[in-house]
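First up is the structure itself, then whatever we jot down about it.
The values are calculated or read from the model by the stated rules, or taken from the named source; none is laboratory data. Here the structure is a predicted model, which means the values were calculated and not measured. With ideal geometry, Cβ positions are generated from the backbone for all residues, glycine too; neighbour counts draw on all protein chains shown.
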Amino acid sequence: MTATGSEEKSLNFETRAVHAGGHPDPESGAIAPPIHLSTTFERKADGETPHGYGYIRETNPTQERLEAALATLDGGAASLAFSSGMAAGAAVAQSLRPGARIILTADSYYSFRVLASDFLQNWGIECQLVSMHRPDEVEAALARPADLVWAETPSNPLMNITDIREVAALAHRGGARLLVDGTFATPALQRPLEQGADIVLHSTTKYLGGHSDVQGGSLTFLHKDDFYERVLHVRHILGAVASPFNSWLVLRGIRSLSARMRMHCANASAVAQFLASHEAVEMVHYPGLPTDPGHGTASRQMLAFGGMVSFRVRGDRARAIAVVAATRIFVRATSLGGVESLIEHRASSEGPLSKVPENLIRLSVGLEHPDDLIDDLRQALQGGSESGAPS
Ligand code: PLP
C-alpha cells in the first residue's frame, strides 16, 4: 500500500488490516514481507547505524512492520510488540515507579492477578482490585490518587463489560492513565483509544495471530509520550521482545482478522442463543445476548460481540467437567482465538486460587459450521446428564 499516513487513516478497517505494514520489500519487490532474522546490523566505524537498526533487542525490521500495523489498527501514535501478552502487561507495571498505585479489574485475566499478588508488591506498587464494570466502585477507588486504571473488556472469563468512556473520564479526573486489555475483542470489534483510553493491550497469541501457533503481546499508545518512552526502555533493557518469526506470524494473522472475526462473532452468537435456550444451562455470559447485563454498553462500544462465550451448567463442578469431557468437536484446551473451537472447565485451568464459579465452562468459538458446534454441545449437555450427574 502506498497511501500516506493521513490517507491510510481514512481507509476502512478491513483495508488497513490487509495492507498495514505490508509495503513490498524494496530489495526484491516481494509482496509477502521478508523475515529478517539478523540479530545485528551493519554500522559505520563511529557506531552510527545508517539503516536505523543496531541490535535485535532494540528493534528489527519485521517487528517494526508489525508495530506499524498494530498502531494503525488500534488508532494510536505508536505500538510496541512483546514476546507475550503477559510481557506487555508486565512492561507497563515495570514502567511505573515504586509507590505507584494501580486499580485493576477484579475479574481480569488470572495471570494478571497473579502478577499483582506475587510481583507488584515487591516492586513497591500497590494494586487495588475493583469491579470495573461498576463505575461507582471505580470512582470510590479513585478517591485515593492512582497512576493507572487497568480495565479488561470483555473480561476473561466472566465477559463483564466495562464502559470505556465512563471509566476513562473517571481515571483522567483522578489523574490516572487508562489501559484497556482488549484481547477478547481485538481492534476489529473495539478500539479503546477512540473512546478515551490511553493504552490498549492485546495478547496477540489469540485472535490477532489467529491460528494457535504464535505467542505475542502488544501495547498501543494514544500518544508517543514519556510513558511510551519508559515502556520502550523497559522492553529494550529487560528484553521481552517479539522474535522476528513471531512478529511475522502475527502480521500474517492480521491480514485475515476482519473476515475471521465476522465468522467468530456469528458462530458465537448462534452458540450463545442455543445455550440460553437449553434447559441444562443455568446462565450464559455473552454480551451479544439482549439479556446480558453488559449488552447495552457493549452495543455502544463494540462493533460486534466476539467469539468468546462462557456458560454455567445447572449443577456442580462434576457436572461441568462431564459436559467438557463429552464434546467431540470442541477440543479440550485453554487459550482462545484460533480457528478451532476450544472448551475448558475454567476453574480447573486456573487452579486452586481461581474465583471462577465451579459450574462455568468457557468456549472459544471457532470457524467450524455453527450447526456442527451446536450439535456437539447438545450431545455433550445430554451425555453429561445421562452419566448420572445432578440436574
Ligand atoms: N489478556 C487476556 C485477556 C488473556 O486472556 C491473556 C491470556 O490468556 C493474556 C492477556 C496474556 O496473554 P499471553 O498468554 O499471550 O501472555
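Data for the structure
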read-out: Single match in Thr59, Thr72 (criterion: modelled with pLDDT under 95 and within 26 Å of Arg16 (Cα to Cα)); value: Thr59
read-out: Scope the stretch 340-359; condition within 17 Å of Ala326 (Cβ to Cβ) and among the aliphatic types (A, V, I, L, M); matching residues; value: Leu342, Ile343
read-out: Hits in the stretch 10-49 - residues which are within 26 Å of the chain's Cα centre (by Cα), within 22 Å of Arg260 (Cα to Cα) and in a loop (DSSP other than H, G, I, E, B); value: Leu11, Asn12, Ala20, Gly21, Gly22, Ala32, Pro33
read-out: Options Ala88, Ala20, Ala69: the member that is within 16 Å of the ligand (Cβ to nearest atom) and in contact (Cβ under 8 Å) with a residue 60 or more places away in the chain; value: Ala88
read-out: Residue within the stretch 123-135 that is in contact (Cβ under 8 Å) with a residue 60 or more places away in the chain and in contact with an Asp or Glu (Cβ under 6 Å, 6 or more places away or on another chain) present; value: no
read-out: Meets criteria (farther than 24 Å from Cys265 by Cβ and crowded, with 18+ Cβ neighbours inside 10 Å) for Gly315; value: yes
read-out: Qualifying residues in the stretch 352-386 (those that are in a loop (DSSP other than H, G, I, E, B) and of a type in the set (S, T, N, Q)) - the one nearest to Thr105 (Cα to Cα); value: Ser354
read-out: Unmet requirement for Ala197, which otherwise passes all of (1) within 24 Å of Pro287 (Cα to Cα); (2) touching a Gly at 6+ places or on another chain (Cβ under 8 Å); value: (2)
read-out: Some residue of the stretch 39-52 being out of contact with any strand residue (DSSP E or B) (no Cβ under 8 Å at 6 or more places or on another chain), more than 16 Å from the ligand (Cβ to nearest atom), in contact (Cβ under 8 Å) with a residue 12 or more places away in the chain and more than 30 Å from Ala185 (Cα to Cα); value: no
read-out: Count - residues of the stretch 185-205 that are more than 12 Å from the ligand (Cβ to nearest atom), under 19 Å from Gly294 (Cβ atoms) and in a loop (DSSP other than H, G, I, E, B); value: 4
read-out: Top-ranked residue in the stretch 161-181 [being within 12 Å of the ligand (Cβ to nearest atom) and touching a residue at least 60 places away in the same chain (Cβ under 8 Å); ranked as surrounded by the fewest Cβ atoms within 10 Å (Cβ to Cβ)]; value: Leu179
read-out: Segments classed as strands (runs of 3 or more DSSP E), wholly inside the stretch 277-346, with at least 2 members that are away from the ligand (no atom under 16 Å from the Cβ), in contact with a His (Cβ under 9 Å, 6 or more places away or on another chain) and at pLDDT 95 or above; value: 308-313
read-out: Some residue of the stretch 220-230 being of a type in the set (Phe, Trp, Tyr), in contact with an Asp or Glu (Cβ under 9 Å, 6 or more places away or on another chain) and more than 12 Å from the ligand (Cβ to nearest atom); value: yes
read-out: Counted residues, the stretch 94-113 - those being within 13 Å of the ligand (Cβ to nearest atom) and either without any contact (Cβ under 8 Å) to a residue 12 or more places away in the chain or under 23 Å from Ser243 (Cα atoms) (or both); value: 2
read-out: Among the residues listed as Leu238, Leu232, Leu193, the single one being in contact (Cβ under 8 Å) with a residue 24 or more places away in the chain and under 20 Å from Gly306 (Cα atoms); value: Leu193
read-out: Condition check for Phe245: of a type in the set (Phe, Trp, Tyr) and surrounded by fewer than 16 Cβ atoms within 10 Å (Cβ to Cβ); value: yes
read-out: Matching residues in the stretch 119-129 - criterion: being at negative phi and either away from the ligand (no atom under 15 Å from the Cβ) or touching a Leu at 6+ places or on another chain (Cβ under 7 Å) (or both); value: Leu120, Gln121, Asn122, Trp123, Ile125, Glu126, Cys127, Gln128, Leu129
